[in-house]
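The values are calculated or read from the model by the stated rules, or taken from the named source; none is laboratory data. Computed from a prediction, not measured in an experiment: that's the story for all the values here. What goes into the accessible areas is simple: the full protein's heavy atoms, side chains included, and nothing from ligands, DNA or RNA. Shrake-Rupley method; radii C 1.70, N 1.55, O 1.52, S 1.80 Å.
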Amino acid sequence: MRTVLVTGSARGIGFAIAKAFAEQDCRIILNCRTDAAQLQKAIAELESIADVTGFCADVSDYNRCVQMIKQAEARFGTIDVLVNNAGEAHFGLFTDMTAWEIQNVLAANLLTAANASHIVIPSMVRKKRGCIINISSIWGVTGASCEAMYSAAKAGVNGLTKALAKELAPSNIRVNAIACGAFDTRMNHRLSPHEKNAFTEDIPLGRFGIPAEVGSLATFLASDSASYLTGQIIPLDGGVV
């Protein structure tokens, strides 16, 4: 039975990924930054189908991330699959961003992935097996106006994915990223109906994605069926890129 850690998994895409792995009889470690009530709700929803635990921890804080993973491993053993999903968007002109906002977007999207990966990789190397899946964005590939730092952070995630895939392949550890397009999540609730309709018109499949579709791709990437797939940034965007 595999142990799966999904960061940023109390709701939305992260929760859908965790649920998909839970349905495959995996042990699940949930995580959120601050919303303990939502985390407990997520745990309650999954505990009928899987052995699950959860932690409120800001994984952009390296020391707190270490503490969380040590506690999780004390219960479930070492982590077999890491899904770096934690992230935060910021919409607005780059020149209007404060220094704190710039640092926060980088930390929330890039440092979270780097920290969790850095901590779990040594045990994967010792076992000579493991899988890391980074949840990225098509904006990390194409760039997005008014989302400059988010685009930069996700581009960093893509670079980290490709570099780690090469570095870790000799240890039989695969690293891939899912570059998400527009999904029906809280992150996109800021869009007005007019904006959402205009965005949808640019999507060849004519709709926003649903979080469960990310879960399905993530479980495939962690499966033996994807055993020769590593170092890839896979768009899941309805055909936009």
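Values as computed for the structure displayed
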read-out: Carbon + sulfur, % of accessible area of the range 114-161 - ligands and nucleic acids excluded, 1.4 Å; value: 61 percent
read-out: The chain, accessible area per residue, ligands and nucleic acids excluded (1.4 Å, Å²); value: 46 Å²
read-out: Accessible heavy-atom area order of 129, 174, 11, highest first, probe of 1.4 Å; value: 129, 11, 174
read-out: Residue 118 accessible area, 1.4 Å probe, all protein chains in place, Å² to nearest 10; value: 120 Å²
read-out: On Cα atoms only, tilt of 12-22 relative to the major axis of the chain in degrees; value: 30 degrees
read-out: Accessible area (Å², 1.4 Å probe, nearest 10) - residue 78; value: 50 Å²
read-out: Interchain or long-range residues, amide H under 5 Å from residue 54's placed H; value: 30
read-out: The range 174-241: relative contact order as a whole-number percent, Cα under 8 Å and 6+ apart; value: 59 percent
read-out: In degrees, nearest ten, helix 112-127 long axis to first principal axis of the chain (Cα); value: 30 degrees
read-out: Accessible carbon and sulfur surface of the range 1-99 relative to its total accessible area, %, 1.4 Å; value: 48 percent
read-out: Cα centroid separation, the range 1-73 to the range 121-149 (Å); value: 18 Å
read-out: The range 1-84 - convex hull of alpha carbons, volume per residue in Å³; value: 76 Å³
read-out: The chain, relative contact order in percent, only Cα pairs under 8 angstrom and at least six apart counted; value: 20 percent
read-out: Alpha-carbon centroids, the range 80-112 and the range 188-241: separation in whole Å; value: 20 Å
read-out: Helix 62-76 vs. the chain, principal-axis angle (Cα, 0 to 90°, nearest 10); value: 50 degrees
read-out: J(HN,Hα) series, the range 156-164, from Karplus relation 6.51 cos²θ - 1.76 cosθ + 1.60, nearest Hz, glycine and proline x; value: x, 4, 5, x, 4, 4, 5, 5, 5
